[in-house]
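These notes are about the structure you will find just below.
The values are calculated or read from the model by the stated rules, or taken from the named source; none is laboratory data. Owing to the predicted nature of the structure, the values given are computational and were not obtained by experimental measurement. Here the Cβ is made from the backbone with ideal geometry for all residues, glycine too, and neighbour counts use every protein chain on show. Keep in mind that these areas ignore ligands, DNA and RNA; they rest on the heavy atoms of the full protein, side chains included. Shrake-Rupley method; radii C 1.70, N 1.55, O 1.52, S 1.80 Å.
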Amino acid sequence: MKIVLALVFSFLLPVLASAQKEIVIWHAYRGDEKAAFEKVIDLFNKSNGKGIKATPLAVPYDAFADKITAAVPRGKGPDVFIYAQDRLGGWVAAGNTVEPIDFYLDTATKGRFLGATLQAMTYQGNTYGLPLNYKVITLIYNKKLVQTPPKTSAELVAQAKKLTNAASGRFGLAYAYSDFYYHAALMNAFGGAVFNGRKPTLNSAANVKSMELLMRWFGQGFMPAEPSTALITALFNQGKAAMVFSGPWFLGEVAGGIDVGLAPLPTIDEAGGKPMRPWITVEGVYITAPSQKKQEAYELVKFVTDTAAARILALEGRQSPANKAIYSDPQVASDPVLKAFRQQVDAAVPMPNLPEMSMAWSPATTAMNKIVKKTPPKAALDEAQASLIDRISKLRK
């Protein structure tokens, strides 16, 4: 009898093993974010009840996008991966990389996300992923120096001037204003954009106005010249920068003795009272086109973006989930950092996910560097526009 049972077991073992469908998921998390995400994966493996096993693999961030581009179309990549939306259009255009998921999506699932985050997962009318987490810049200030954060650009300038003593290296406001990513918040307030549809608009009137306002701020002396990330952090930690425009990554660099406050970016009087509208970058969870387990992969994608997973990612990973229901959770709602970034999302704009966006960074950066060195904004942006058009033309050929 024992021999018979042993033979039966030896026969069933590979059958049972093959019945468990493995889904490999690539991510680039480290530290607390990695631990929280792996906890979510473990929860999925224990609770899905469908014999699906998700296996997470951490891939270095610097190599991540190139590995997706090289490996996935050849069928050598994962079933699922996590990455920001800025490369989405390029991967769709390349083909055989990301799978559209509209076939699987129902109304309830669509409705679980903050609007701007799901919009970031959409390209040419198709949805290619579900939003997991987002990052956005907001106003970060030293509570010892700023009792009431400014709500308008007029209040910002008045407070920043009052808190500045350039001779002693003290500034009211410090941010990477020559970095186009950070400037986008001001550009978007004026209704500017990098593209109108797929047509480049770097030198639009709205973009020029945003640059002119930036230079008026710079000319009033309440911001440091040529601010590097290291300088901004050092100034804030030394109590020499009262306010900063930055994102959650900055908070990890703040010294322990600083009492930090967060508030929405101010509205811009010069843009008719419109709010500063920073770019939002959204980490999407995508199914790869060559995957042979798309239905099982979607089960995983849906699970990691649901409320139970979002709570773990928020409270243990210190991330800002795209799932809107989580912000009604008492513990999440009472967290000042999570609350502040959630408030800022209402005014945020998804960073363009067009393939051509990768061509825009260099001309825009060159223009920003020229403008802060006193080249007229219109002239610098005209050059950037011509350069971008030329780059796109070569890309399309």
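Just a few scattered comments:
- Residues that are in contact (Cβ under 8 Å) with a residue 12 or more places away in the chain and either in a loop (DSSP other than H, G, I, E, B) or touching a His at 6+ places or on another chain (Cβ under 6 Å) (or both) were ranked within the stretch 229-258; the one that is surrounded by the fewest Cβ atoms within 10 Å (Cβ to Cβ) is A255.
- Test for F103: is it more than 25 Å from the chain's Cα centre (by Cα) and closer than 20 Å to T127 by Cβ: yes
- Residues in the stretch 306-321 that are small (G, A, S) and either open to solvent by less than 30 Å² (accessible area, probe 1.4 Å) or more than 28 Å from D42 (Cα to Cα) (or both): A309, A310, A314, G317, S320.
- Pick from the stretch 153-180, criterion in a strand (DSSP E or B) and touching a residue at least 60 places away in the same chain (Cβ under 8 Å), ranking: nearest to A297 (Cα to Cα): A174
- Selected residue (criterion: least open to solvent (accessible area, probe 1.4 Å)) from residues of the stretch 33-55 that are basic (K, R) and within 27 Å of G252 (Cα to Cα): K34
- In the set T148, T117, T109, only one residue is open to solvent by less than 10 Å² (accessible area, probe 1.4 Å), of a type in the set (S, T, N, Q) and closer than 24 Å to A340 by Cβ; that residue is T117.
- The residues of the stretch 127-147 that are outside any strand (DSSP E or B) and farther than 13 Å from L105 by Cβ, listed by number, are V136, I137, K143, K144, L145, V146, Q147.
- Members of the stretch 198-228 that are surrounded by fewer than 15 Cβ atoms within 10 Å (Cβ to Cβ), among the basic types (K, R) and over 20 Å from T164 (Cβ atoms): R198, K199
- Every condition in (1) without any contact (Cβ under 8 Å) to a residue 60 or more places away in the chain; (2) polar (S, T, N, Q); (3) touching a Pro at 6+ places or on another chain (Cβ under 7 Å) is met by S328 except one, and the failing one is (3).
- The C-beta contact set for the stretch 373-397 (first residue open to solvent by 90 Å² or more (accessible area, probe 1.4 Å), second residue among the basic types (K, R) and at pLDDT 95 or above, distance under 8 angstrom, 6+ apart or interchain) comprises E383/K370.
- Single condition L214 does not satisfy, out of (1) more than 22 Å from the chain's Cα centre (by Cα); (2) over 17 Å from L156 (Cβ atoms); (3) part of a helix (DSSP H, G or I); (4) of a type in the set (A, V, I, L, M): (2)
- From the list K324, K294, K339, K302, the lone residue that is open to solvent by 10 Å² or more (accessible area, probe 1.4 Å), closer than 21 Å to A28 by Cα, out of contact with any helix residue (DSSP H, G or I) (no Cβ under 6 Å at 6 or more places or on another chain) and modelled with pLDDT of 95 or more is K302.
- Among residues of the stretch 139-152 that are within 16 Å of F250 (Cβ to Cβ), those with a Cβ under 8 angstrom from a residue that is among the charged types (D, E, K, R) and outside any strand (DSSP E or B), sequence gap 6+ or separate chain, pair up as N142/D259; K143/D259.
- Residue match in the stretch 377-385 (condition: over 16 Å from the mean Cα position of the chain (by Cα), at pLDDT below 95 and within 29 Å of S210 (Cα to Cα)): no
- Scanning the stretch 76-98 for residues that are more than 21 Å from the chain's Cα centre (by Cα) and open to solvent by less than 50 Å² (accessible area, probe 1.4 Å) turns up G77, P78, D79, G95.
- For the stretch 309-320, the count of residues that are part of a helix (DSSP H, G or I), touching a Lys or Arg at 6+ places or on another chain (Cβ under 9 Å) and charged (D, E, K, R) is zero.
- Within the stretch 116-126, at least one residue is in contact (Cβ under 8 Å) with a residue 60 or more places away in the chain, in a loop (DSSP other than H, G, I, E, B) and at negative phi.
- Matching residues in the stretch 169-188 - criterion: being over 17 Å from the mean Cα position of the chain (by Cα), open to solvent by less than 30 Å² (accessible area, probe 1.4 Å) and farther than 16 Å from R216 by Cα: G169
- Residue that is buried (at least 23 other Cβ atoms within 10 Å of the Cβ), farther than 30 Å from A263 by Cα and among the hydroxyl-bearing types (S, T, Y), where the choices are Y134, Y128: Y128
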